[in-house]
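Take a look at the structure set out below.
Throughout, read-outs are computed from the coordinates displayed, never taken from laboratory work. This one's a predicted model, so the numbers in the text were calculated from it and none came from an experiment. All Cβ positions, even for glycine, are placed from backbone atoms using ideal geometry, and neighbour counts span all protein chains on display.
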Amino acid sequence: MKSIVLLAINTKYIHSSLSAWVLASSMNADIIEANINQDDNNIVKQVVAHLPDIVGISTYIWNAEKLPNIIKLIRGLLPEIVIVLGGPEASFNAEYWLERGADYIICGEGEHSFPALVKELERSDSSTTISKIINSTPLDSWYDPYSDDCITALKGKIAYIETSRGCPFCCKFCLSGRRASAGELTTPEDRIKFLPINVAKEQIHKLSESGARVIKFVDRTFNCNATRAYELFEYVISLNTKKCFHFEVAADLFDERTLLLLSSAPAARIQFEIGIQSFYAPALKAVDRKTDLSKAARNIRTLMHSGNIHVHIDLIAGLPYETLPRFANSFNLAYRLRTHHLQLGFLKLLHGSRIRKEFKSIRHNEAPPYEIVSSPWLSVYDINVLKQVENALQNTHNKGRFLSALQYVLSVTKLPPFLLYHKIGETIENHGMPPEIYADKIYHFLNALQGVDSDMLLECIICDWLSMVKGVNMPDFMRIYNKQRYIQIRETAQILLGRKIHRNEAAVLPSGRGVFVDSEDCDMVTGLYKLYFC
């Protein structure tokens, strides 16, 4: 019998590999989970220690650059080993990977195809007759990846669960809405397969009792079937657990019944990632993205009003026909939904995607993740502007930082959100800057804008600082040296909270009011600490 190692190379230590554990449930194999931050030699050493006959590796845009060298190193130490690649990078670029040392490529689902390949390889005389590129056979049964070993490995990590495979939609920039085995477009009914709902509940319950930090559903459009989604949301809400469940959903597919149910969820039980992509209808039409934008916006506002669910929305910069001014409009509309996180992502022209084949005029990096460089609608300069906006957004709003200060500035300057974030990103290039230095730069930049009152802005900044950090002293520019008033504020805080507070948990505001933070009361949805005024 062949000895098999399944190698997963994740983006971070806290991530886990669902695909490796699914494959292991269909065959006898050892699993090695590494991450892209590890040295190649260290990863290879773990593989070689098992002396495997076969190594299977899942390929993705995040590990594709690392893999050629890893394959070369493995081959150098184990010349007779059989290297099998699967995953989207290999599935849609098979010849490239065969040229870089892979022996076999499995295109599409591997639960049946990989074990079948192993059986063929175990027949000593058959290796020369096996096709190097293997198209997967349709999945007619689901495998339970959550063995005892898997549950143990999930401790402290993000756990992934798949209750449906595929997507009813067929966006040109994505691979999920097409049948990977054949690479052809299919009907919506053929593009998605559902795990039996009773099995889904069993797996959800098992993960809810595991040591995983977050349970993330990899279903591409979890709520595409409203009745099924309602039942699973209801089940997740009913669980006696403190786990957080993350879903990718389409906001326009929520009905009133489901929104009412979601409003009853315990705080932070559920997170939603919602792909808006654009508010410019011609761009969405060009990539076959079907969204009722008005209904989506209305439903997002309803979710935000409930206040119990963390909402993350996505925009994609670089879609066809969306120029910089048009994207700025999409950004402004998305920002005004006041969600907890607004991701400004950039178009990636993935191997196998229709946008890569149909829009040759869009230039992209040849190396993964194949991100847009320019297009007839966005110049290299425009892309740089968007990168500056992204940098500012990531270091403020998306980290829950300076929220009231930014809102105040937007209200008094009347600047569109996109323009304000561009000005910040253009002026303050933050790549790992300490928070206290960034806070100082943000304050002085915002204070110079026309219409901004220095005292009001400083008040906002001080409150933001107390609510967003814990155990960190205020920068000097936030300190108002009124010792007697400061002592009064601390005494009031200690009476109200019934305990001593640290000196960095209270402050005097420019108006003379006092503010202090309860560092033991963090909002589970926003991640911000509760403030009191006196």
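Where both bridge residues fall in segment 154-366, DSSP classifies roughly 15% of the beta bridges as antiparallel. Shown for segment 142-181 is the translational diffusion coefficient from the Stokes-Einstein equation, using the Kirkwood radius over Cα pairs, a temperature of 10 °C and a viscosity of 1.306 mPa s: 125 µm²/s.
Within the chain, the percentage of alpha carbon pairs spaced more than 44 angstrom apart rounds to 23%. Selection among 239, 458, 159 by position relative to the dipole of the chain gives 458 as farthest towards the positive end (Cβ unit charges, Cα centre). For the pair segment 428-485 and segment 188-221, the centres of their Cα atoms are 43 angstrom apart. Under 17 Å of direct C-alpha separation, and excluding same-chain neighbours fewer than eight residues apart, residue 216 reaches these lysines: 12, 155, 157, 201, 206, 242, 243. Magnitude of the charge dipole for segment 4-135, about its Cα centre and with charges confined to Cβ atoms of Lys, Arg (+1) and Asp, Glu (-1), is about 200 debye. Share of Cα-Cα pairs in segment 154-366 beyond 29 Å, in percent? That fraction is 28 percent. Taking the square roots of 5 times each eigenvalue of the Cα gyration tensor of segment 4-135, largest first, gives ellipsoid semi-axes of 21, 16, 15 Å. With distances taken between every two different alpha-carbon atoms, segment 393-534 has a Kirkwood hydrodynamic radius of 15.7 Å. Against the chain, whose longest principal axis comes from its Cα atoms, helix 67-77 is set at around 50 degrees. Placing +1 on the Cβ of every Lys and Arg and -1 on the Cβ of every Asp and Glu, with no other charges, gives the chain a dipole of roughly 1200 debye about its Cα centre. Within a straight-line Cα-Cα reach of under 17 Å, residue 119 can be paired with the following lysines, leaving aside sequence neighbours fewer than 8 residues apart in one chain: 2, 132. In the chain, taking the dipole from charged Cβ atoms about the Cα centre, the farthest positive-side position among 74, 118, 494 is held by 494. Between 0 and 90 degrees, rounded to the nearest ten: what's the tilt of helix 483-497 against the longest Cα principal axis of the chain? Roughly 60 degrees, rounded to the nearest 10.
Among residues other than residue 461 with Cβ under 11 Å from its Cβ, the summed charge is -3 (Lys and Arg +1, Asp and Glu -1). Here the Karplus curve 6.51 cos²θ - 1.76 cosθ + 1.60, taken at θ = phi - 60°, turns the phi angles of segment 350-360 into couplings of 6, 4, x, 7, 5, 5, 5, 7, 8, 10, 5 Hz, with x standing for Gly and Pro. Only one residue of 224, 42, 263 has its Cα farthest out toward the positive end of the dipole of the chain, where Lys and Arg carry +1 and Asp and Glu -1 on Cβ, and that residue is 263.
Other residues lying with their Cβ under 14 Å from the Cβ of residue 266 contribute a combined charge of +1, Lys and Arg counting +1, Asp and Glu -1.
Of the beta bridges in the chain, as assigned by DSSP with both residues counted there, near 25 percent are antiparallel. Normalised size of segment 257-333, defined as Cα radius of gyration per 2.2 N^0.38 Å with N residues, equals 1.23.
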